[in-house]
Every structure is written in structure tokens, then in C-alpha cells.
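Each reported figure results from applying straightforward, stated rules to the coordinates on display, with no laboratory input. None of the values given here were measured: they were computed from a predicted structure. Here the Cβ is made from the backbone with ideal geometry for all residues, glycine too, and neighbour counts use every protein chain on show.
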Amino acid sequence: MSAEKDSFARFLKHFTKGTVLFNEGDEGEDMYIIRSGKVAIKKRVAHGEIVVAVLEKGDFFGEMAMLEHIPRTAGAEVTEDGDLIVIGSDVFGDMVKTNPEIGVRMLRKYSLRLRETTKQIEELAARAEGSPPVAPAAPAELTAKPHVPQQAEAIAYFISKASGNVFPVFKGESLIGRYDSVTGQAPEVDLTNEDSARNISRRHARFVMKDGKPYVAEEIGTMNGTFLNNQKLPTGVLTPIKDGDEFTLCRLALTFRLPAAK
């Protein structure tokens, strides 16, 4: 059992499918971290309730009521038997110290919400002035050039030793990890389907092409380690990687490859 699990074993509770953890509008001072199982987040609408997200291992929810002492903004129901860590405001600080990835992901979650709110305010202001809202600019990588076969554009590749699946890299700075259902964001190198045990962090590592040379670095908040040729990488430090090197995220081993010279 990991140090993280030992630290919060006393907060671990088992919930069966169908358990309603809380309803929208309830008072609450606890947040939840999913160790196993699944939880549906529900919002009230005119005709009943809709599921706005289904969360799973590693995801967290309920933090808004805990941090701001406000009624629950959505409901939560267990949809698959599982174990959840139930954290009150009195131990929240200790949780963040032990598992910094939670704190980092919370910051990213609220940063994403702030961007969305800012966009909505700008659109409302444009309508109020009687001018049509300005459509948000598409990401540069989507407008820079027309679509061509991805294989021809890749600047590097990561190949799973277990499955043989190839993960091309198209951007000079690319995130490596898993899909984050809390923020709705996916990394450029998405290893979600390679990591059924969900040991890889959502933002686990980063690939950077600098001055024509490839580098990798472990992201801040990564919990389970990142290794280059069996040597653990320090957090946040760009480390050169060569063609044929073994790059391991927790226990998922990848072979790094550069395109053949033309």
C-alpha cells in the first residue's frame, strides 16, 4: 500500500451502487476522492435530472461546498460499487501536502472555469453593445495548415512495449498522460487506454523539442514516478532523450523513436 493510501486509510469508506452521496442544494463540508468505482454528477433541469459527468478512480468532487461553505451545486450518486476517501475541511491541508497532484488539479480545474467565464462575459458584453459576438479563435495548430496524414507530420513517436501501439507527437511541446474527466482535457499524448489501472497521472510528463533536440520532463504533482532508461527523472527538469531510449511512466514502458532522416 502506498504512503498516500496509508495516510488516508482512516478516511476510506465503501459505497454501493445507487448510494446518493448528496443532492443539489444540500449543505456539505466534505469532498471526495475516488479510489475505485464510479460516481455520476447530476444537475437539476426542468424535466428532472441530467448526468453532467461520470467520475472514476483518481477524480475528486465536492470541494466547492467544502472550500466556500455553500450549498452543493450538483448531486452525486454512486453508479459502481467502490471506495471513496471522504475529506473534511479540517484535514484538507494535510491531504494536499501528501498528494500534491490533487491541489495542482484543483488549480487547473478552476483556471479552466475562469477562462470559460471570461469568454461568456466577453460574448455578453458584445451582445449588449449591439455587435455580434466574436467567435473564439481556433487553436493555432488547427488553423495553421490543412489536414494531411498525421504520420507524415509527426516529429517523434512513443511506442508502447506492452501493446505495440504507436503514439505520434505533432507539437514541439506536448503533454503526456491520461484524459482528465474533471477538467475535460486530454493530453497531446493520451495514454488512457494503455493504463487500465490508472497509475499514470493525468499530466504525468512533458515532451519538448528545443533547438532541434528532444527532451522530456516529469510534471509537477506526478505521484508514481517517471524513468528514462531506468533512471528516475527529477520533477520539472528537461532531460535529453535519444532515439531508442526507454521512457517509463510508473510501470508503462515506452520506446522513444525519431522519424527516419529523409
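Amide H contacts of ARG203 (H built 1.01 Å from N, in plane; Pro and chain starts excluded): ARG178 sit under 5 Å, all sequence-distant by 5 or more or on other chains.
Among the listed pairs LYS210/LYS232; LYS38/LYS171; LYS97/LYS171; LYS17/LYS42, those with a Cα-Cα distance over 26 Å are LYS38/LYS171; LYS97/LYS171.
Taking θ as phi - 60° and the Karplus parameters 6.51, -1.76 and 1.60, the scalar couplings of region 42-53 work out to 10, 10, 6, 9, 4, 9, x, 10, 10, 8, 9, 6 Hz in sequence order, x denoting glycine and proline. Taking amide H as placed 1.01 Å from N in the peptide plane, GLN185 has its amide H under 5 Å from the amide H of ASP180, each at least 5 places away in sequence or on another chain.
Neighbours of HIS69 by Cβ distance under 11 Å: Lys/Arg scored +1, Asp/Glu scored -1, total -3. In sequence order, region 54-60 has phi-based couplings of 10, 9, 9, 3, x, 7, 10 Hz under the Karplus curve 6.51 cos²θ - 1.76 cosθ + 1.60, θ = phi - 60°, and Gly or Pro positions carry x. Residues whose amide H lies under 5 Å from that of LEU21, counting only those 5 or more places away or on a different chain, are ALA76, GLU77, VAL78; hydrogens are built 1.01 Å from N in the peptide plane.
Across all directions, the average projected area of the convex hull around the alpha carbons of region 30-85 is 3.9 nm². Rounded to the nearest whole angstrom, the semi-axes of the ellipsoid equivalent to region 189-262, taken from the Cα gyration tensor as √(5λ), stand at 21, 14, 11, largest first.
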